[in-house]
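Reading through the structure tokens given below for one structure.
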Amino acid sequence: MQEKIKREIITTADGSTTIHLPELNEQYHSKHGAVNEAKHVFIKEGLHNLLRTRDFEVLHVLEIGFGTGLNALITYVEAEQIKQNIAYVGVEAYPVVFEEAKLMNYSEILEVPDMETVFDKMHQSLWETPKAISSKFSLTKRKQFFGDIEDENVYDLIYFDAFGARVQPELWTIEIFGKMYNALTQGGVLVTYSAKGSVRRAMQEVGFEVERLPGPPGKREMLRATKL
């Protein structure tokens, strides 16, 4: 189980840190740049792309793999900058402990005022309980296996940031993407760093329209799937 696997803090190519699991040769974020990957995959091709299509009074986001909290933190920054109300739900089966999260240098890298306070508030918030991080951004953390997700027609955007299919192929299946499809509202979007053919076909099998897009640094392509 993941909580028993050795964990190391490493610095990625853009200077931001992540957690490395040497036994699995896997990282929580890209070794080519944790922050750059998050901004490209989830903000540029996910959040910004969706907001260009229509207006949302409240944008509902589901993150598959809350992990270190980087994607939530960067989304919070965007919510504040563009004045968009976001209700963010992060699902994680094996939470990162607060002491480990404090070793991440995202506050320093992002260079946004009060980031450390916000990051601490995210990690110290209770699980299963909505927390207002600001007037624009609320966070609910759920300790849950991805296969147990049963939400229907709730989310406008899904950040699919699970460990890769090489390490956990069971998370990249027709069954899981069927749950993601059901969880999205009509016109909702799922974005992921993966571009594997088997992943794309699983998405298409459950009804998604899937686009291949240029990937973040170190990856040629990524995928964006839309529930039509």
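Filtering Ser107, Ser30 for residues that are under 26 Å from Leu190 (Cα atoms) and either hydroxyl-bearing (Ser, Thr, Tyr) or within 14 Å of the chain's Cα centre (by Cα) (or both) leaves a single hit, Ser30. Counted as qualifying within the stretch 148-228 are the strands (runs of 3 or more DSSP E) with 3 or more residues that are over 24 Å from Glu26 (Cα atoms) and at pLDDT 95 or above, namely 155-160, 184-192, 209-214.
Residues that are open to solvent by 30 Å² or more (accessible area, probe 1.4 Å) and either more than 19 Å from Ser194 (Cα to Cα) or in contact with a His (Cβ under 6 Å, 6 or more places away or on another chain) (or both) within the stretch 16-44 comprise Pro22, Glu23, Gln27, listed in sequence order.
Residue pairs, Cβ under 7 Å, 6 or more apart or interchain, first in the stretch 40-51 and aromatic (Phe, Trp, Tyr), second assigned to a helix (DSSP H, G or I) and buried (at least 17 other Cβ atoms within 10 Å of the Cβ). List them. The qualifying pairs are Phe42/Asn71. One residue alone among Thr68, Thr75, Thr53 is in a loop (DSSP other than H, G, I, E, B) and either under 11 Å from the mean Cα position of the chain (by Cα) or among the aliphatic types (A, V, I, L, M) (or both), and that residue is Thr68.
You will find that of Lys143, Lys136, the residue that is within 30 Å of Thr173 (Cβ to Cβ), open to solvent by 30 Å² or more (accessible area, probe 1.4 Å) and touching a residue at least 40 places away in the same chain (Cβ under 8 Å) is Lys143 and no other. When the stretch 201-216 is limited to residues that are open to solvent by less than 50 Å² (accessible area, probe 1.4 Å) and touching a strand residue (DSSP E or B) at 6+ places or on another chain (Cβ under 6 Å), the one that is farthest from Ala34 (Cα to Cα) turns out to be Phe208. For the stretch 79-93, the set of residues classified as part of a helix (DSSP H, G or I) and either modelled with pLDDT under 95 or in contact with a strand residue (DSSP E or B) (Cβ under 8 Å, 6 or more places away or on another chain) (or both) consists of Ala79, Glu80, listed by residue number.
The values are calculated or read from the model by the stated rules, or taken from the named source; none is laboratory data. This is a predicted model, so every value here is computed, not measured. Quick reminder, even Gly has a Cβ in these numbers, built from the backbone with ideal geometry, and neighbours come from all protein chains shown. The accessibility values were calculated without ligands, DNA or RNA, using every heavy atom of the protein model including side chains. Shrake-Rupley method; radii C 1.70, N 1.55, O 1.52, S 1.80 Å.
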